[in-house]
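The values are calculated or read from the model by the stated rules, or taken from the named source; none is laboratory data. This is a predicted model, so every value here is computed, not measured. Cβ coordinates were reconstructed from backbone atoms using ideal geometry, including for glycine residues, and neighbour counts include every protein chain displayed. Accessible surface is based on the protein model in full, side chains and every heavy atom, while ligands, DNA and RNA are left aside. Shrake-Rupley method; radii C 1.70, N 1.55, O 1.52, S 1.80 Å.
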Amino acid sequence: ADRESATASRLYTTGPLTPVNCRVPSIEPGGESMGRFMNVLSDCLDESWQAQFGKARMPFTPPGRVFWQGSGRSPCGTYPNPGASAFYCPANNTMYVGLEHIVETSGGEPLSHFAVFARVIAHEYGHHVQDRAGILAYGQQQMDRSENDLARAESSRRMELQAQCFAG
């Protein structure tokens with residue numbers, strides 16, 4: 001992980017995401033409906049980001065997906081964790097999302113407000129984009145090399161803000 005891959009990535013010069021013609025299904029109560037929504041949305045993100053990486057002439061593979069309804073284990077730890085409905089695991093390039101946890105942690109948003117739930121997937125996908133571009137490894141390296149909690153928190157904040165930017 002080097003600074004150049006994180007700060008001067010060709011991905012930054014590709015402009016706005018290529019529009020894709022996707023229609024996500026409405027979300028009904030229950031994990032099956034949320035899973036369908038998450039898979040369709042992820043397929044759309046796969047298509048859009050594949051095109052974006054193509055513009056940058058960079059290789060890209062979509063993330064793995066684990067949409068859970070019960071507890072489980074990933075190479076990055078067990079799930080669910082209190083207050084967390086989703087995470088990205090760079091050890092296996094996979095997004096993990098709790099189909100019922102995402103609703104529980106939404107602050108009571110109705111299922112018709114699908115953007116609340118889409119934002120979670122898009123954010124975790126943003127971490128995958130960071131990973132594929134070599135940015136995530138550099139950010140993790142910066143956190144590991146930090147001499148104090150404040151510096152670690154600053155590096156983490158920057159990584160989260162960029163993932164949120166990519167989610168937009």
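For the chain, what is the accessible area per residue in Å² when the probe is 1.4 Å?
It amounts to 54 Å² per residue over the chain.
Using a cut-off of 11 Å between beta-carbons, work out the net charge of the residues near Leu45 (Lys and Arg +1, Asp and Glu -1, Leu45 not included).
So the surrounding residues net to -3.
Normalised by the residues of segment 23-144, what does the relative contact order come to in percent, with Cα pairs under 8 Å and at least six apart?
Details: 139 pairs, mean separation 30.2, N = 122.
Dividing the mean separation by the residue count of segment 23-144 yields 25 percent.
Shape call for segment 28-76 from the C-alpha gyration tensor, a ≥ b ≥ c root eigenvalues: rounded (a/c under 1.5), prolate (a/b greater than b/c) or oblate?
oblate
Let me check I've understood the local charge: for Pro25, count other residues with C-beta under 14 angstrom from its C-beta, Lys and Arg +1, Asp and Glu -1. What total comes out?
Details: positive: Arg23, Arg36; negative: Glu28, Glu32, Asp43.
Computed value for this residue: -1.
Rounded to the nearest 10 degrees, what's the angle between the helix 31-55 long axis and the longest principal axis of the chain, both from Cα atoms, 0 to 90?
Rounded to the nearest ten degrees, it is 30.
Around Ser9, with a cut-off of 13 angstrom between Cβ atoms, what is the net charge of the other residues, counting Lys and Arg +1 and Asp and Glu -1?
+2
Pull out a ≥ b ≥ c, the square roots of the eigenvalues of the alpha-carbon gyration tensor of segment 32-112, then state rounded if a/c is under 1.5, prolate if not and a/b is larger than b/c, and oblate in the remaining case. If you can, show how the numbers build up before the last one.
Details: a/c = 2.54, a/b = 1.48, b/c = 1.71.
Here segment 32-112 falls in the oblate category.
Given the options Tyr88, Tyr96, Tyr12, which has the most mean-square fluctuation in a GNM of the chain, springs set between C-alpha atoms less than 10 angstrom apart?
Tyr12
Under the Karplus relation 6.51 cos²θ - 1.76 cosθ + 1.60, θ = phi - 60°, what is the ordered set of whole-Hz ³J(HN,Hα) values for segment 76-86, x standing for Gly and Pro?
Once θ is set to phi - 60°, the couplings for segment 76-86 become 9, x, 8, 9, x, 10, x, x, 10, 9, 7 Hz.
Is it possible to state the helix-based mean residue ellipticity at 222 nm for the chain, with each DSSP H run of 4+ residues giving -39500 (n - 2.57), the sum divided by total residues, to the nearest 500 deg cm²/dmol? What is it?
-16000 deg cm²/dmol
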